[in-house]
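Mind looking over this structure? Questions follow.
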Amino acid sequence: MDIVVNLILYLILVSIVGGACLYAAGKVTGTACYFLGMAIVAGATELTRLVILLGLGATGIGEFLLLFISWLIPLIVFISLLRKFTRAPVIPDIFLMVVVYWILTFLLGTFIELA
């Protein structure tokens with residue numbers, strides 16, 4: 001039961017922090033977005049990744065294949081949900097938004113580790 005509560009809290013935290021970073025990236029790039037939609041995108045992407053890792057991790061497939069699948073499918077979910085919630089073209093708007101999002105999350109992670 002403890003693991004389930006931890007996973008739920010983790011998903012809520014990832015949704016809020018990831019949604020805030022996506023929202024900030026949208027504002028920086030000028031892409032029309034709102035916070036709730038970006039939080040849903042971040043949470044659904046992370047939930048997809050966790051389901052793949054927890055589901056396929058027990059099957060005994062190769063580690064490289066597992067990591068590749070757990071990267072590719074959430075990326076497809078991420079891009080498609082961003083496209084749905086922002087109604088922006090993938091190139092250049094969503095592409096730039098994702099680059100700024102990765103930069104923001106990298107900086108946020110670096111500042112958290114240094115604190």
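Could you figure out which of (1) on the phi > 0 side of the Ramachandran plot; (2) among the small types (Gly, Ala, Ser); (3) in a helix (DSSP H, G or I) isn't true of Ala44?
(1)
Any residue at all in region 21-28 that's assigned to a helix (DSSP H, G or I) and over 18 Å from Arg87 (Cα atoms)?
So far as region 21-28 goes, yes, one or more of its residues are assigned to a helix (DSSP H, G or I) and over 18 Å from Arg87 (Cα atoms).
If you scan region 66-89, which residues turn out to be in a helix (DSSP H, G or I), more than 13 Å from the chain's Cα centre (by Cα) and either exposed (fewer than 13 other Cβ atoms within 10 Å of the Cβ) or not aliphatic (A, V, I, L, M) (or both)?
Leu67, Phe68, Arg83, Lys84, Phe85, Thr86
Values quoted throughout were computed directly from the atomic coordinates according to the rules given, and no laboratory measurement underlies them. What you see is a predicted model, and the numbers here were worked out from it, not measured in a lab. Here Cβ is always computed from backbone atoms with ideal geometry, including for glycine, and neighbour counts include all displayed protein chains.
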